[in-house]
Amino acid sequence: MFGSGLRAGELQAAPAAASPERTAAIMEFARGMLATGQFPRTAALAGDPAAAALADPAARDARFERGLAMLLDRAQAMAASPAG
């Protein structure tokens, strides 16, 4: 939750940081890093369509809300259990 909130705050505070030029430069750098072969698991993840869906900014709020709901549901269940 903290990371998601922090990232959302960063994007709101510095919308210029998300400019197409900056995004292109970041993607070029990332592709270069993956091409070194030093990050095989990350490279495999980068080619996975499911990972691309996770990176979709349009789905960010829904993912956050879903994750928060799961976290709160679990916390409530643990608090209600006799061992909790």
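Results, tabulated for the structure shown:
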quantity: Lone qualifier among A16, A24, A53, A8 - being at pLDDT 80 or above, assigned to a helix (DSSP H, G or I) and among the aliphatic types (A, V, I, L, M); calculated: A24
quantity: Residue among G84, G47 that is within 18 Å of the chain's Cα centre (by Cα) and either modelled with pLDDT under 85 or loosely packed, with under 11 Cβ neighbours inside 10 Å (or both); calculated: G47
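The values are calculated or read from the model by the stated rules, or taken from the named source; none is laboratory data. Everything quoted here is computed from the prediction, not taken from an experiment. With ideal geometry, Cβ positions are generated from the backbone for all residues, glycine too; neighbour counts draw on all protein chains shown.
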